[in-house]
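Coordinate-derived values only; no laboratory data. Bear in mind that the values here come from a model prediction, so they are computed numbers and not experimental data. Here Cβ is always computed from backbone atoms with ideal geometry, including for glycine, and neighbour counts include all displayed protein chains.
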Amino acid sequence: MSDAPTGYYEIAVTGIAATGCHGVYPHEKSEPQPFTVDVTLEVFRLDAADVLGATFDYSSVAASVRQIVKKHSFNLIETLAGRIANEFLAVDSVRAVNVRVHKPQAGSAGEDVSVALRVAK
């Protein structure tokens with residue numbers, strides 16, 4: 001038996017580093033660049049068991065994000081954020097997803113540009 005009550009939990013995995021080819025310029029499509037992604041999942045947890053199967057495996061969240069960033073190529077980081085959000089919204093226990101995608105070398109002087117998206121069922 002666990003002391004964890006039934007309810008909605010926010011699970012945050014931040015600072016997920018990945019490389020990918022996202023952007024509108026030709027060099028952004030051909031030369032991988034760094035991205036950092038923060039994901040917060042609002043998850044309903046009914047099972048109070050103190051076992052990994054009762055929640056999200058944080059490493060699998062990071063692995064899914066890295067695969068999406070690497071595998072796909074989007075013009076806009078807004079679209080990338082949406083694709084990441086959809087990955088987790090497909091899970092029944094997830095009620096909402098917050099995604100922030102950072103593109104740290106977006107500007108001509110290397111400014112960090114980011115977009116944030118919140119999607120709820």
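For the chain, the longest principal axis of the C-alpha atoms and the axis of helix 58-71 are separated by about 30°.
With a Förster radius of 25 Å, plug the Cβ-Cβ distance of Glu111 and Asn86 into 1/(1 + (r/R0)^6) and report the FRET value to the nearest 0.05. Please report the intermediate quantities before stating the final value.
Working: r = 28 Å, r/R0 = 1.10.
Computed FRET efficiency for Glu111 and Asn86: 0.35.
Can you give the FRET efficiency to the nearest 0.05 for Ser59 and Val24, using r as the Cβ-Cβ distance and R₀ = 35 Å? List each step's numbers first, then the result.
Details: r = 32 Å, r/R0 = 0.92.
Taking R0 as 35 Å, the efficiency between Ser59 and Val24 is 0.60.
How large is the translational diffusion coefficient of the stretch 7-120 in µm² per second when you combine the Kirkwood radius over alpha carbon pairs with Stokes-Einstein at 4 °C and 1.567 mPa s?
Details: Rh = 14.6 Å.
It diffuses with D of about 89 µm²/s by this estimate.
Using a Gaussian network model of the chain in which every pair of alpha carbons under 10 angstrom is joined by a spring, one finds that among Val24, Val94, Val39 the greatest mean-square fluctuation is at Val24. From least to most packed, judged by other beta carbons within 10 angstrom and beginning with the fewest, Asp38, Asp112 follow the order Asp112, Asp38.
How much length would be gained if the chain were fully extended between Phe44 and Tyr8, taking 0.36 nm per residue of separation minus their Cα-Cα distance, in nm to one decimal? Write down the numbers at each step before the final one.
Numbers: separation 36, 0.36 × 36 = 12.96 nm, distance 0.44 nm.
Answer, rounded to one decimal: 12.5 nm.
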